[in-house]
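What follows is a short report on a single structure.
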Amino acid sequence: MKDTYRHQGLRKKLVQEIVKKGICNAEVLRAIESIPRHLFIPDNALHKYAYEDKAFPIGSGQTISQPYTVAFQTDLLDLKPRNKVLEIGTGSGYQTAVLLAMGTKVFSVERQKALFDRTKLLLPKLGYNAKLFFGDGYKGLPEFAPFDKIIVTAGAPFIPEDLLAQLKVGGILVIPVGEDNEQIMKKIVKLAANEYQTEDLGQFRFVPLLKEKGRD
Ligand code: SAH
């Protein structure tokens with residue numbers, strides 16, 4: 001579990017690539033540059049590719065999101081230090097680490113027990129402190145609501161009502177919406193208790209947000 005100068009150099013290159021793709025949020029770029037992504041990929045044989053701008057398998061049929069996508073979603077959240085953030089789809093914990101590096105307080109929900117168990121051990125080992133929950137992201141975390149920001153890191157067939165309800169007025173939900181393997185990234189701002197403004201921000205490809213409990 002080591003970070004090295006070589007890894008740090010590769011991360012600088014990755015950041016340059018993400019900048020070329022249009023991300024200019026300095027804090028997001030700093031977070032990507034500081035986080036040892038290879039340590040979030042369980043298969044050591046893939047570590048040499050960890051700083052390519054690609055998704056990789058993390059077990060249980062899931063993937064660690066592409067760094068550009070992580071940067072894009074994080075930028076859309078317009079994070080402020082100490083924002084209370086709900087993440088749906090903890091997965092490897094990489095996006096969780098990026099949110100934490102932005103100075104936010106993170107609550108993250110994962111549906112697959114094997115991933116939940118692994119990431120719950122990994123994050124504190126790497127010095128990241130998030131509140132992690134094993135459960136159904138469609139339901140959010142009503143007992144900890146409301147949240148300043150909510151990010152969904154799997155493709156949702158529709159926008160879950162429970163997540164909208166758990167957003168503060170003025171809060172932002174970033175969620176890729178669509179069936180199969182193609183989703184539209186949506187940024188939804190809660191203007192008032194029952195008033196929302198939605199912006200569509202391009203096509204992405206995510207693993208699906210699971211309806212039924214996954215098999216481990
Ligand atoms: N942010 C993660 C992305 C992982 S992929 C990372 O960077 O590694 C999406 C994750 O969402 C997977 O781990 C998957 O198991 C999880 N997921 C799918 N459906 C879910 C649901 N209903 N509730 C919570 N998590 C879910």
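Readers should treat all values here as calculations from the given coordinates under stated rules, not as data from a laboratory. Quantities reported herein were computed from a predicted structural model and do not represent experimental measurements. Neighbour counts run over all protein chains shown; Cβ positions are idealised from the backbone, glycine included.
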message = As an exercise, use a Förster radius of 35 Å and the Cβ-Cβ distance of PHE158 and LYS113 to find the FRET efficiency, rounded to the nearest 0.05.
response = 0.90
ask   = What pairs in LYS21/LYS54; LYS84/LYS190; LYS21/LYS131 have C-alpha atoms more than 23 Å from each other?
value = LYS21/LYS131
Ratio Rg/Rh [Cα only; Rh per Kirkwood] for region 70-144 = 0.94
note = hull vol. (C-alpha, convex hull) per residue for the chain, Å³ -> 110
key: Under 5 Å, built H, 5+ apart or other chain: amide partners of GLY171   = LYS190
ask   = Based on the Kirkwood radius over alpha-carbon pairs, what is the Stokes-Einstein translational diffusion coefficient of region 138-200 at 20 °C with 1.002 mPa s viscosity, in µm²/s?
value = 183
task = Report ³J(HN,Hα) in whole Hz for each residue of region 182-197, in order, from the Karplus equation J = 6.51 cos²θ - 1.76 cosθ + 1.60 where θ = phi - 60°; Gly and Pro get x.
result = 9, 10, 9, 6, 10, 10, 10, 9, 8, 7, 7, 3, 10, 10, 10, 10
task = Calculate the translational D of region 1-119 in whole µm² s⁻¹ from Stokes-Einstein, where the hydrodynamic radius comes from the Kirkwood formula applied to all Cα pairs, the temperature is 37 °C and the viscosity 0.692 mPa s.
result = 227
request  = Report relative contact order for region 120-167 in percent, whole number only (criteria: Cα-Cα under 8 Å, sequence separation at least 6).
outcome  = 41
ask   = With each pseudo-label sitting 7 Å past Cα toward Cβ, what's the GLU143-MET1 distance in nm, one decimal?
value = 2.7
query = Say R0 is 30 Å: what FRET efficiency, to the nearest 0.05, do GLU33 and ASN194 get from their beta-carbon distance?
reply = 0.15
inquiry  = Please arrange LYS12, LYS168, LYS190 by how many other C-beta atoms lie within 10 Å of their C-beta, fewest to most.
reply    = LYS12, LYS168, LYS190
inquiry  = Check which residues have an amide H placed less than 5 Å from GLN66's amide H, if you skip close sequence neighbours.
reply    = ALA55
inquiry  = At 0.36 nm per residue, and after removing the present C-alpha to C-alpha distance, how many nm does the segment from ASP53 to LYS131 gain when stretched out fully?
reply    = 25.3 nm
request  = With θ set to phi - 60°, apply the Karplus curve 6.51 cos²θ - 1.76 cosθ + 1.60 along region 103-119 and write out the HN-Hα couplings as whole Hz, x wherever there is a Gly or Pro.
outcome  = x, 9, 9, 10, 10, 10, 10, 10, 8, 9, 4, 4, 5, 4, 4, 5, 5
ask   = Given H placed on each backbone N at 1.01 Å, which residues far from ASN83 in sequence or on other chains put an amide H within less than 5 Å of it?
value = LYS105
